[in-house]
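One structure is given below, encoded as structure tokens.
What follows is calculated from the coordinates using simple rules that are stated; it is not laboratory data. Values in this document were obtained by computation on a predicted structure and should not be read as measured data. Because the Cβ atoms are built from the backbone with ideal geometry, glycine has one as well, and the counts that use them run over all protein chains shown.
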Amino acid sequence: MSSIIPIDLRYTESHEWARADDHGTILVGITDHAQHLLGDLVFVEIPEVGRAVAATEACAVVESVKAASDIYSPLDGVIIEVNEMLADNPELINEDPYGEGWIFRLKTSASLTTLLDAAAYAAIATADGDEDPGTLANPALV
């Protein structure tokens, strides 16, 4: 298995990605590596809009045919939007983890620089026992 690891994102050790958007907020999802490990997703429990979360706090759940897994907030903040499409289409995370498969949008004053860059995340994925943790990719190619 070879996953894609976009170089323009930041990552957590628990396999979430974070991207600053044009609105001054952070879009959050799970990595391609994580969705490969989980397998076909069948359910996503999205967090409540308006909920204040702390960095590393469990705030959502994804369930696959193999297992259920908590999704953690990468930074302190307030959830201001959730991806409602996941209720009927959890497979969007499998199909497009860095695009249509995003999970929530976070308003935060914390810096993304506290999170892992793509190279550091690739090392974490390798430590997870994945011999091929993924390909670092330019975001224009993802």
query: Using only Cα atoms, what Kirkwood radius does the range 4-127 have, in angstroms?
result: 14.1 Å
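Could you give me D for the range 34-105, from Stokes-Einstein at 10 °C and 1.306 mPa s, where the hydrodynamic radius is the Kirkwood radius over C-alpha pairs? Units µm² s⁻¹, please.
This corresponds to a translational diffusion coefficient of 130 µm²/s.
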- prompt: Per-residue ellipticity at 222 nm for the chain, helices alone: DSSP H runs ≥ 4 residues times -39500 (n - 2.57), over residue total, nearest 500 deg cm²/dmol?
  reply: -3500 deg cm²/dmol
query: Which order, highest average first, do 102-113, 32-43 follow once you tally other Cβ atoms within 10 Å for each residue and take the mean per peptide?
result: 32-43, 102-113
statement: Magnitude of the Cβ-charge dipole (Lys and Arg +1, Asp and Glu -1) of the chain about the Cα centre, nearest 20 debye, reported as 400 debye
- line: If the label point sits 7 Å along Cα→Cβ of Asp70, residues of the range 12-38 with amide N under 11 Å come out as none
query: Can you run phi through the Karplus equation (6.51, -1.76, 1.60; θ = phi - 60°) for the range 16-24 and list ³J(HN,Hα) in whole Hz, with x for Gly and Pro?
result: 8, 10, 9, 9, 6, 10, 6, 9, x
task: Name the residues whose placed amide hydrogens come within less than 5 Å of the amide hydrogen of Thr56, ignoring near sequence neighbours (fewer than 5 apart) on the same chain.
output: Ser73, Leu75
